Amino acid sequence: MALYSEKVMDHFRNPRNVGVIENASGVGEVGNAKCGDIMTMYLQIENDIIVDVKFETFGCGSAIASSSMATELIKGKPISEALQLTNKAVAEALDGLPAHKLHCSVLAEEAIKSALRDYYDKNGIAYDASLFPAEHCCEDCH
Ligand code: FES
């Protein structure tokens, strides 16, 4: 079996929603201390709906594929659904990632959460801090 699924290769070669949103409603930047990869998520939010999302990832192929898939999964969705997105769901949507690459999908989940928290902070919206656990990229980095 190939190490990477066709979906991973597709999203790596043709990532969706790459770029920057100027004056985004929320921006989240996270990094993996271990590998040095960095991911930034930009969200445009209107009436609690994520109407647009873009990302920039300076990192490995799995991180690029994960961020691309994650943007597809939350685009057009309400904030409440985006908050539920787990790295597991991202990896499953990609038809799986090799075990040693699962932490790359964690980066996508955290970048989205970080951007949502930025949106809440910018707009003075109260939120449950437990929705945003301390940022970490993976078990290895604790
Ligand atoms: Fe760094 Fe994948 S190896 S995020």
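The values are calculated or read from the model by the stated rules, or taken from the named source; none is laboratory data. Quick caveat: nothing in here was measured; it's all calculated off a predicted structure. Every residue, glycine as well, gets a Cβ built from its backbone with ideal geometry; the counts of neighbours run over all protein chains shown.
Every condition in (1) surrounded by fewer than 13 Cβ atoms within 10 Å (Cβ to Cβ); (2) out of contact with any Cys (no Cβ under 6 Å at 6 or more places or on another chain); (3) modelled with pLDDT under 95 is met by K34 except one, and the failing one is (2). With respect to F12, determine if the residue is within 15 Å of the ligand (Cβ to nearest atom), farther than 25 Å from L131 by Cβ and either in contact with a strand residue (DSSP E or B) (Cβ under 7 Å, 6 or more places away or on another chain) or at pLDDT 95 or above (or both). The answer is yes for F12. For region 96-109, filtered to residues that are at pLDDT 95 or above and more than 11 Å from the ligand (Cβ to nearest atom), the residue that is surrounded by the most Cβ atoms within 10 Å (Cβ to Cβ) is E109. Apart from one condition, E46 fits all of (1) away from the ligand (no atom under 14 Å from the Cβ); (2) over 17 Å from K113 (Cβ atoms); (3) in contact (Cβ under 8 Å) with a residue 24 or more places away in the chain; (4) among the charged types (D, E, K, R); the exception is (3).
In this structure, V53 does not qualify as closer than 22 Å to I125 by Cβ, within 12 Å of the ligand (Cβ to nearest atom) and crowded, with 16+ Cβ neighbours inside 10 Å.
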